[in-house]
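Asks: Structure incoming, see below.
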Amino acid sequence: MRILRILKELSFTPTFWLLMYVSHRSFFFLLANTRVQWLVNYFSRLTTEQSLACMNEMLRVNIRQNLQVVVQIATKYSDILGAVKLIEMFESFKTFEGKPDRYPCD
């Protein structure tokens, strides 16, 4: 239901809503198979809260498939979304890929 509320806030078309009611898995299949660059650019239209909620949902549904896209989104919009919120989101899913074992100043 949280996804439906977020999508309603985004004002998707009635055709899209029909797809959502048929199967929410279809949405994530489409999301996963959408051109990555279009998806990354689409996040520029969302508020901070909507972006973080969508990225959380993408990771919750299929972290293995969506992690790279979420990282690209987080990288491009890190100034807007906030580093602390992004780090908390990634840590909540125990995603530590790319995090060094030691920092140079240690």
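No value in this document is a laboratory result; all are computed from the given coordinates. Note that the coordinates shown come from a computational prediction; the quantities given were computed from them, not determined experimentally. Heads up, the Cβs are rebuilt from the backbone with ideal geometry, glycines too, and the neighbour counts pull from every protein chain shown.
Asks: Taking the simple approach of a point 7 Å from Cα along Cα-to-Cβ for both Gln68 and Ile87, what is their distance in nm?
Replies: 2.7 nm
Asks: Here is a further query. Give, rounded to the nearest 20 debye, the magnitude of the charge dipole that the stretch 34-95 has about its Cα centre when Lys and Arg contribute +1 at Cβ and Asp and Glu contribute -1 at Cβ.
Replies: 240 debye
Asks: Counting other beta carbons within 10 Å of each residue's own, what order do Met55, Met89 fall into, fewest first?
Replies: Numbers: Met55 25, Met89 17.
Going from sparsest to densest Cβ surroundings: Met89, Met55.
Asks: Can you report the principal axis dimensions of the stretch 34-95 using only the alpha carbons, biggest first, rounded to whole angstrom?
Replies: Principal extents (largest minus smallest coordinate, Cα): 26, 24, 16 Å.
Asks: What list of ³J(HN,Hα) couplings, whole Hz, do you get for the stretch 62-71 from phi and the Karplus terms 6.51, -1.76, 1.60, once you set θ to phi - 60° and write x for glycine and proline?
Replies: Values per residue, Gly and Pro as x: 7, 5, 5, 7, 9, 4, 4, 5, 4, 5 Hz.
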